[in-house]
Amino acid sequence: MKRTARRLVIDRIACTGHGLCAELFPEQLALDDWGYPIQSPGPIAGGDTRHAQRAVAACPALAMRLEAARG
Amino acid sequence: MITDIRTPQPTPGRGRAGRPSLEGAHGERLLAGWSRTGAPTELPEHLDRHGPVPSFTAHDGEHPLIEEIARAGLAGRGGAGFPTAKKLRAVAGAKRTDRVVVANGMESEPASAKDKTLLRLAPQLVLDGIVLAADAVGARQAHLCVAPDTGLDQRLRELVAERRALGIDPIEITVRTPPHHYVSSESSALVNWLGGGEAKPTTTPPRTAERGVGGLPTLVDNVETLAHVALIARYGADWFRERGTAESPGTTLVTLTGAVAEPGVYEIEYGTSVHDILELAHPVGDAQAVLVGGYFGTWLPAAEAAALEYSAAGLASAGASSGAGVLAVLPPHACVLAETARILEYLGAQSSRQCGPCLFGLPATAGDFAQVAFGQPDREGTERLERRVELLLGRGACKHPDGAARLAASALRTFAPHVRRHLKWGPCPAAVDARPLLPTPAETIKDGDWR
Ligand SMILES: Cc1cc2nc3c(=O)[nH]c(=O)nc-3n(C[C@H](O)[C@H](O)[C@H](O)COP(=O)(O)O)c2cc1C
Ligand code: SF4
Ligand code: SF4
């Protein structure tokens, strides 16, 4: 059975720029000059799901969640 | 700020059947009264021209007004051009049945005057549109938001009271004056303030159609959009479509500003060429460039802009959109980079400072841009600028950084040769000595200023 694709959503107001997420999920996240995440577009590749989940769980600001990818 | 309007000379006259005609001398609809009499339209004249607010009887399924608006193809006039019927449907279909309508008359765009002008010259159409939209979505509460520094609120309260005394409005319209900053008029910011919070944008989802003022499903529409609703409710979709193009039907308000002899607000038909629109305001000298849309807009070389059809599709063909309806003409002795740098600095200062990429990224981008416009040549700084402009996209809770990025990118792209000139020789003479063209009110927003 094919799993539905998911994407990472960042609440930009909640995010305090700890930058932890980019370490845990480098496949899709990098940091800007001030430590805020830059997200590459698109759904999470199947093999990266665990890294994405780890980043979501570790965010001290609870600023990230996973959603069903649209379309 | 432009507060006065100079539409083409009023020509008094009456239309067929002795009724005041529906359109002005130049096809104006919203400003027909002004066009005919040269004065703001009072209630008796409004009722004489348009008759009472139509009422809609019980219906199964979709509200007939929403159906009519969908057929009319009305798109929002607040900047994003979203189909109005879709927004109405979302609120009308919400689970909670206690709903709210918010009319956005804040017009935070410093170069724009269309909403203030509409509220001054044809306020009855906006008030009609509010009660009609409330009927369509099933709202019992309606707020009309205007900026506190315009003096419009007092007058509008009197008009609301006058209508109430005559029993025109089935629900109460409250006139409100939220704090006036560039982003305080974004829909979630208005909704948050009306619900007792700060006038700062909030995270979406939830969308205001699901959870708006006080947690209730809320429709936020621009005041011009609502004025068109008042006309569509009376004259129908086919009439509405008699002007404009198939995909951008109807007329719309534009603010013509910059190097024009008669700056002001004009009502035009979609499908008119940008050249013909600008002619209304009598451009002075050879224009160099046109800013299309406002401070979230797009700079285009004057000749390219002039040739475009003013419609969603026509402007999109050049990567532009009508945005807040501003067309600003840049004269020959002016520097597009200097103008853009000042606007970016203004937009940076207007951030609600909630999202890192906007709080830090926007002022830094503005600083890099100012260096290109006014500073010493620095190729490294220019490369950093291009990277930072990219990084403003899609990284805020609202579209404020995206709008600023769009403006910055269009200046760098459209005027690449001029950028190279600055990089080689330093600021051009116009950057140093030309008078600033577009308004960028200096304001330091303090923490308490969002209440
Ligand atoms: C930063 C920002 C500022 C805005 N300011 C205004 C404004 O002053 N007036 C307005 O009508 N819409 C403004 N908007 C758009 C509103 O959020 C909203 O989309 C609009 O009022 C909806 O009306 P419409 O569908 O009738 O266009 C702004 C949006 C953003 C992102
Ligand atoms: S870990 Fe959370 S708070 Fe920190 S940068 Fe990532 S999203 Fe933002
Ligand atoms: S993007 Fe900027 S203006 Fe919009 S909510 Fe975030 S900080 Fe405020």
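The values are calculated or read from the model by the stated rules, or taken from the named source; none is laboratory data. Every value quoted in this text rests on a predicted model; they were computed, and no experiment measured them. With ideal geometry, Cβ positions are generated from the backbone for all residues, glycine too; neighbour counts draw on all protein chains shown. All accessible areas refer to the heavy atoms of the entire protein, side chains included, with ligands and DNA or RNA removed. Shrake-Rupley method; radii C 1.70, N 1.55, O 1.52, S 1.80 Å.
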Quiz item: Scanning for something open to solvent by 10 Å² or more (accessible area, probe 1.4 Å) and aliphatic (A, V, I, L, M), does the range B:230-240 turn up at least one residue?
Solution: yes
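Rundown of residues vs (1) touching a helix residue (DSSP H, G or I) at 6+ places or on another chain (Cβ under 6 Å); (2) over 24 Å from residue B:403 (Cα atoms), yes/no style:
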{"residue": "B:273", "(1), (2)": "no, yes"}
{"residue": "B:285", "(1), (2)": "no, yes"}
{"residue": "B:293", "(1), (2)": "no, no"}
{"residue": "B:296", "(1), (2)": "yes, no"}
{"residue": "B:305", "(1), (2)": "yes, no"}
{"residue": "B:311", "(1), (2)": "no, no"}
{"residue": "B:320", "(1), (2)": "no, no"}
Practice problem: Please verify whether the range B:406-427 includes one or more residues that are surrounded by 19 or more Cβ atoms within 10 Å (Cβ to Cβ) and within 14 Å of chain A (Cβ to nearest Cβ). | Solution: no
Quiz item: Can you spot a residue in the range B:166-180 that is more than 27 Å from residue B:362 (Cα to Cα) and hydroxyl-bearing (Ser, Thr, Tyr)?
Solution: yes
Practice problem: For residue A:50, indicate whether it is within 13 Å of ligand 2 (Cβ to nearest atom), open to solvent by 20 Å² or more (accessible area, probe 1.4 Å) and farther than 23 Å from residue B:205 by Cβ. | Solution: no
Quiz item: Within the bounds of the range B:353-363, is there any residue that is in contact (Cβ under 8 Å) with a residue 24 or more places away in the chain, part of a helix (DSSP H, G or I) and more than 9 Å from chain A (Cβ to nearest Cβ)?
Solution: yes
Quiz item: Has the range B:331-347 got any residue that is within 26 Å of the chain's Cα centre (by Cα), among the charged types (D, E, K, R) and open to solvent by 20 Å² or more (accessible area, probe 1.4 Å)?
Solution: yes
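For the subset of the range B:188-235 comprising residues that are among the polar types (S, T, N, Q) and farther than 17 Å from residue A:14 by Cβ, which member is farthest from ligand 2 (Cβ to nearest atom)? Working first, answer last.
Filtering the range B:188-235 down to residues among the polar types (S, T, N, Q) leaves B:188, B:192, B:202-204, B:208, B:218, B:222, B:225.
Now narrow it down to the ones that are farther than 17 Å from residue A:14 by Cβ: B:208, B:218, B:222, B:225.
Details: B:208: 24, B:218: 28, B:222: 33, B:225: 36 Å.
Looking at the filtered set, the residue picked out is B:225.
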Practice problem: Working carefully through the options B:13, B:73, find the one that is of a type in the set (Gly, Ala, Ser) and at pLDDT 75 or above. | Solution: B:73
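Picking from B:160, B:126, B:100, B:137, which residue would you name as being among the β-branched types (Val, Ile, Thr), open to solvent by less than 10 Å² (accessible area, probe 1.4 Å) and closer than 18 Å to residue B:77 by Cα?
Values: B:160 fails: closer than 18 Å to residue B:77 by Cα; B:100 fails: closer than 18 Å to residue B:77 by Cα; B:137 fails: closer than 18 Å to residue B:77 by Cα.
After ruling out the rest, the residue left standing is B:126.
I need the full set of residues from the range B:141-193 which are among the acidic types (Asp, Glu) and either in contact with a helix residue (DSSP H, G or I) (Cβ under 7 Å, 6 or more places away or on another chain) or closer than 12 Å to residue B:101 by Cβ (or both), in order please. Talk me through it step by step, then tell me what you get.
Of the residues in the range B:141-193, the ones among the acidic types (Asp, Glu) are B:149, B:153, B:158, B:162, B:169, B:172, B:186.
Of everything in the range B:141-193, those that are among the acidic types (Asp, Glu) and either in contact with a helix residue (DSSP H, G or I) (Cβ under 7 Å, 6 or more places away or on another chain) or closer than 12 Å to residue B:101 by Cβ (or both) turn out to be B:162, B:169, B:172.
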Practice problem: For the range A:20-37, enumerate the residues that are within 11 Å of the chain's Cα centre (by Cα) and either open to solvent by less than 40 Å² (accessible area, probe 1.4 Å) or charged (D, E, K, R) (or both). | Solution: A:21, A:22, A:23, A:25, A:27, A:28, A:29, A:37
Practice problem: Only residues that are touching a Phe, Trp or Tyr at 6+ places or on another chain (Cβ under 8 Å) and β-branched (Val, Ile, Thr): list them for the range B:35-82, please. | Solution: B:41
Quiz item: Could you give every pair whose Cβ atoms fall below 6 Å, whose first residue belongs to the range B:435-446 and is open to solvent by less than 40 Å² (accessible area, probe 1.4 Å), and whose second residue is among the acidic types (Asp, Glu), counting only separations of at least 6 or pairs across chains?
Solution: B:438/B:339
Quiz item: If we scan the range B:358-365, do we find a residue that is at pLDDT below 95 and open to solvent by less than 50 Å² (accessible area, probe 1.4 Å)?
Solution: no
